[in-house]
Amino acid sequence: MAEASPGPPEAQTASAGLYRLPYASGTPVSVFDDAKTHRPPTRIDLVGEPRDGKAHHIVAAADGVVMAVQDGFSERQSRRAAVDCRNNFVWLAHANGEWTLYGHMRRGSSSKQAGLKVGDRVRSGQYIGDEGDVGCAMLSHLHFEVAVPKKDQPIDAGGFLIDNVGSSRNRVPRFCAPAPTELVKHRRYTALACQLRASNPRSE
């Protein structure tokens, strides 16, 4: 969703935070595009399984604060330029300075069903809306990204990051489960909560 000229994926910085897969726990999730294959890079397109029309629940990838909610649109516009599509989205800000974006959400699912509004605090794993195909989308899926926005003017009215030439504000998302990792296209994962890891005892 974020508007920028793509740079080489290997030049992109990994996220400082570890995030859970943003689907309800136990949901099988396929990777339609990973941070290398997505254009522009660093973003990830995820699909809840099975793809049978079920409204897969999207959850917060980490504790955060709601910074923006748009879920009044319903039209799928797959053949338009991204900047011309009316997309539904949620942006969350996290304590580490990163924001996460949840795009193409189903109409009304964030503001009405999840009851989200700007300024709300959410917990990791909290329901924030349903997977959808609103805006520039070929299929029902979740567009997910991590970024460090400009402080005084983070996003525009369409939900795009401001001052993001070359995707410089985006980060390659790292996920905590099944292990700290970047996701890979065509692989399937199961959405799980992040588990606190005990420190390894020092060997004598």
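The values are calculated or read from the model by the stated rules, or taken from the named source; none is laboratory data. Here the structure is a predicted model, which is why all the values come from computation and not from measurement. Positions of Cβ are generated from backbone atoms using ideal geometry, with glycine treated the same way; all protein chains shown enter the neighbour counts. Ligands, DNA and RNA are excluded from the accessible area calculation, which covers all protein heavy atoms including side chains. Shrake-Rupley method; radii C 1.70, N 1.55, O 1.52, S 1.80 Å.
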### Task
Report the trypsin sites (Lys or Arg not before Pro) located in the stretch 146-189 that are in a DSSP loop and have at most 13 other Cβ atoms inside 10 Å of their Cβ, or state none.
150, 151, 187
### Query
Under unit Cβ charges (Lys, Arg +1; Asp, Glu -1), what dipole magnitude, rounded to 20 debye, does the chain have relative to its Cα centre?
220
## Note on the structure
For the chain, the charge dipole (Cβ of Lys, Arg +1; Cβ of Asp, Glu -1; about the Cα centre) points to a positive end, and the Cα of 73, 148, 161 closest to that extreme belongs to 73
### Task
Could you tell me the accessible area of residue 136 in Å² (1.4 Å probe, neighbours in place), rounded to the nearest ten?
40
### Query
Per the 1.4 Å probe, what fraction of the accessible area of the stretch 36-168, in percent, lies on carbon and sulfur atoms?
49
### Summary
For the stretch 35-181, the convex hull over Cα atoms projects on average to an area in nm² of 8.7
### Query
Cα extents of the stretch 72-114 along the three principal axes, largest first, in whole Å?
36, 26, 10
### Message
If I model a spin label at residue 96 and residue 36 as a point 7 Å from the Cα along the Cα→Cβ vector, what separation in nanometres do I get?
### Response
2.2
## Note on the structure
Between residue 65 and residue 113, the two model label points (7 Å from Cα along the beta-carbon direction) sit apart by a distance in nm of 2.8
### Query
For residue 16 and residue 74, what is the calculated FRET efficiency with R₀ set at 35 Å and r taken between the beta-carbons, to the nearest 0.05?
0.50
### Query
What is the dipole size for the stretch 116-192, taken about its Cα centre, with +1 at each Lys and Arg Cβ and -1 at each Asp and Glu Cβ, in debye to the nearest 20?
360
### Query
Roughly how many Å² is the accessible area per residue of the chain, as a whole number, for a 1.4 Å probe?
50
## Note on the structure
Expressed in angstrom and rounded, the centroid-to-centroid distance over alpha carbons for the stretch 53-81 and the stretch 89-133 is 7
